[in-house]
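*Asks:* I have a structure here, written as structure tokens, and I will follow up with some questions on it.
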């Protein structure tokens, strides 16, 4: 179930777990923001369980090339597995 999809990431609920997915153009930016995202997750009543970094195809590659933007064929995806705290 897709709950939210915006510039800060995409949140999906599968079973009892929530997944936050965020795409990056640069692996160094992903690694730099990882700790900040974990802190933000915990500030919003979620428990951080695990995360995975993967490489995926850039869905906008052909459009970016058409408009002569600097682009790459791949993006880096950071997926966080979360559990919501119910009070």
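*Asks:* Out of segment 32-56, which residues are within 10 Å of residue 80 (Cβ to Cβ) and outside any helix (DSSP H, G or I)?
*Replies:* 46, 48, 49, 50, 51, 52
*Asks:* Right, another one. Could you grab me the full set of residues in segment 53-72 that are in contact with a helix residue (DSSP H, G or I) (Cβ under 9 Å, 6 or more places away or on another chain) and surrounded by 11 or more Cβ atoms within 10 Å (Cβ to Cβ)?
*Replies:* 53, 58, 71, 72
*Asks:* Please count how many residues of segment 10-32 are out of contact with any helix residue (DSSP H, G or I) (no Cβ under 8 Å at 6 or more places or on another chain) and in contact (Cβ under 8 Å) with a residue 24 or more places away in the chain.
*Replies:* 10
*Asks:* Out of (1) closer than 21 Å to residue 3 by Cα; (2) touching a strand residue (DSSP E or B) at 6+ places or on another chain (Cβ under 9 Å); (3) modelled with pLDDT of 90 or more, what's the single condition that is false for residue 85?
*Replies:* Residue 85 satisfies all of (1) closer than 21 Å to residue 3 by Cα; (2) touching a strand residue (DSSP E or B) at 6+ places or on another chain (Cβ under 9 Å); (3) modelled with pLDDT of 90 or more except (3).
The values are calculated or read from the model by the stated rules, or taken from the named source; none is laboratory data. All of these numbers come straight from a predicted model, not from anything done at the bench. Methodologically, a virtual Cβ is constructed for each residue, glycine included, from the backbone with ideal geometry; neighbour enumeration extends over all protein chains shown.
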